[in-house]
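A.B. asks: Here it is: the structure, laid out below.
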Amino acid sequence: QRHLLGIEGLSREEIVGLLDLAGEFVDLNRRVEKKTTSLRGRTQINLFFEASTRTQASFELAGKRLGADVMNMSVASSSIRKGETLMDTAITLNAMHPDILVVRHNASGAVKLLADKVDCSVVNAGDGAHEHPTQALLDALTIRRNKGRIEGLTVAICGDITHSRVARSNFLLLNAMDARVRVIAPSTLLPPGIERFGVEVYRDMREGLKDADIVMMLRLQRERMNGSFIPSSTEYFAYYGLDEKKLAYAKPDALVMHPGPMNRGVEINSTVADGARSLIREQVEMGVAVRMAILEALSRNLPNA
Ligand code: CP
């Protein structure tokens with residue numbers, strides 16, 4: 001494919017192919033000499049209209065480790081501040097002949113609109129509450145490395161489902177890989193029609209976590225709540241925050257994940273986040289490898305490749 005805009009549209013075989021390729025990059029990234037040359041001579045621009053630590057840093061490292069020239073576009077000091085639109089920004093950058101644009105935007109669908117206007121490959125680094133495909137892929141790689149499989153596992157995704165692009169991409173990917181997906185959230189944080197994603201819905205942590213293999217916690221995305229009901233941190237933690245007591249409802253070997261950034265004491269406490277069953281730091285490591293795999297796979301379809 002020319003772009004990676006979502007998990008939607010990826011086949012199971014394509015997902016497995018990307019995870020296998022990423023596995024090779026995990027080994028490369030653990031060596032002293034981490035660089036390879038498959039993107040030598042190529043230009044990658046990272047265009048982030050929303051804040052990011054993990055995704056932007058790992059895309060930058062991924063491109064550089066593959067030998068690309070990587071430019072991080074500083075949106076805060078760009079002409080977007082003077083009123084230039086997303087499309088005019090994209091068309092302007094396109095005129096500089098980049099090979100890959102990595103884009104994060106706060107509007108669902110914005111990355112697809114942009115991809116339709118440019119000649120280069122586009123990777124969705126998160127668009128509004130729509131999709132965050134590279135996060136779902138790195139989550140899948142982390143699960144597969146720790147559990148040996150994804151198929152047949154029960155994955156409980158808990159928290160602000162309404163505003164989470166991570167949840168949406170994970171529903172699509174985990175269902176494609178034949179995992180059993182549960183969501184656990186208060187009614188106020190569950191979008192209408194959530195069942196159409198093929199998930200089981202729980203409002204009680206004790207029931208939703210029962211026999212789960214993976215517990216994936218999500219942040220309350222207050223910045224997307226726009227005047228809707230915002231629970232207090234203390235009240236939210238009491239019912240939906242993960243601590244050792246609630247984790248005990250899951251399987252004894254259940255593992256804990258969180259895409260980050262975490263709000264400690266809101267959706268997860270430090271004992272669990274930093275404990276032996278936490279995969280949170282490994283998720284970050286897998287993020288670099290998965291993004292290298294995506295860039296490498298797209299580079300095979302670039303002109304003159
Ligand atoms: N998980 C994730 O997308 O983190 P960042 O917002 O830091 O990129």
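The values are calculated or read from the model by the stated rules, or taken from the named source; none is laboratory data. Only a predicted model underlies this, so the values are computations on that prediction, with no experimental measurement involved. Note that each Cβ is placed from the backbone with ideal geometry, even for glycine, and that neighbours are counted across all protein chains shown. With ligands, DNA and RNA removed, areas are computed over all heavy atoms of the protein, side chains included. Shrake-Rupley method; radii C 1.70, N 1.55, O 1.52, S 1.80 Å.
A.B. asks: Starting from residues that are more than 16 Å from the ligand (Cβ to nearest atom) and aliphatic (A, V, I, L, M), keep the ones in segment 131-156 and report whichever is farthest from residue 110 (Cα to Cα).
C.D. replies: 153
A.B. asks: Still on this model: Looking at (1) within 16 Å of the ligand (Cβ to nearest atom); (2) of a type in the set (S, T, N, Q); (3) without any contact (Cβ under 8 Å) to a residue 40 or more places away in the chain, which is the only condition residue 79 fails?
C.D. replies: The failed condition is (1).
A.B. asks: Give me the residue from segment 62-78 that is assigned to a helix (DSSP H, G or I) and open to solvent by 50 Å² or more (accessible area, probe 1.4 Å) and, out of that set, farthest from residue 49 (Cα to Cα).
C.D. replies: Selected residue: 64.
A.B. asks: Right, next: Among all residue pairs at least 6 apart or on different chains, which show Cβ distances below 6 Å where the first residue, located in segment 166-183, is farther than 13 Å from residue 6 by Cα and the second is assigned to a loop (DSSP other than H, G, I, E, B) and among the aliphatic types (A, V, I, L, M)?
C.D. replies: From residues that are farther than 13 Å from residue 6 by Cα, the pairs are 177/150; 179/150; 179/153; 181/199; 183/161; 183/199.
A.B. asks: Let me ask you something else. It is to be established whether one or more residues within segment 250-264 are over 23 Å from residue 145 (Cα atoms) and more than 16 Å from the ligand (Cβ to nearest atom).
C.D. replies: The answer is no, given that none of the residues of segment 250-264 is over 23 Å from residue 145 (Cα atoms) and more than 16 Å from the ligand (Cβ to nearest atom).
A.B. asks: Return the residue satisfying two criteria in turn: it lies in segment 23-61 and is surrounded by fewer than 19 Cβ atoms within 10 Å (Cβ to Cβ) and of a type in the set (Asp, Glu), and of such residues it is nearest to the ligand (Cβ to nearest atom).
C.D. replies: 50
A.B. asks: Residues being part of a helix (DSSP H, G or I) and either open to solvent by less than 70 Å² (accessible area, probe 1.4 Å) or closer than 17 Å to residue 52 by Cβ (or both): count how many of those fall in segment 80-115.
C.D. replies: Of the residues in segment 80-115, 12 are part of a helix (DSSP H, G or I) and either open to solvent by less than 70 Å² (accessible area, probe 1.4 Å) or closer than 17 Å to residue 52 by Cβ (or both).
A.B. asks: If the requirement is being over 30 Å from residue 254 (Cα atoms) and not basic (Lys, Arg), which of these qualifies: 138, 172, 114?
C.D. replies: On inspection, the qualifying residue turns out to be 114.
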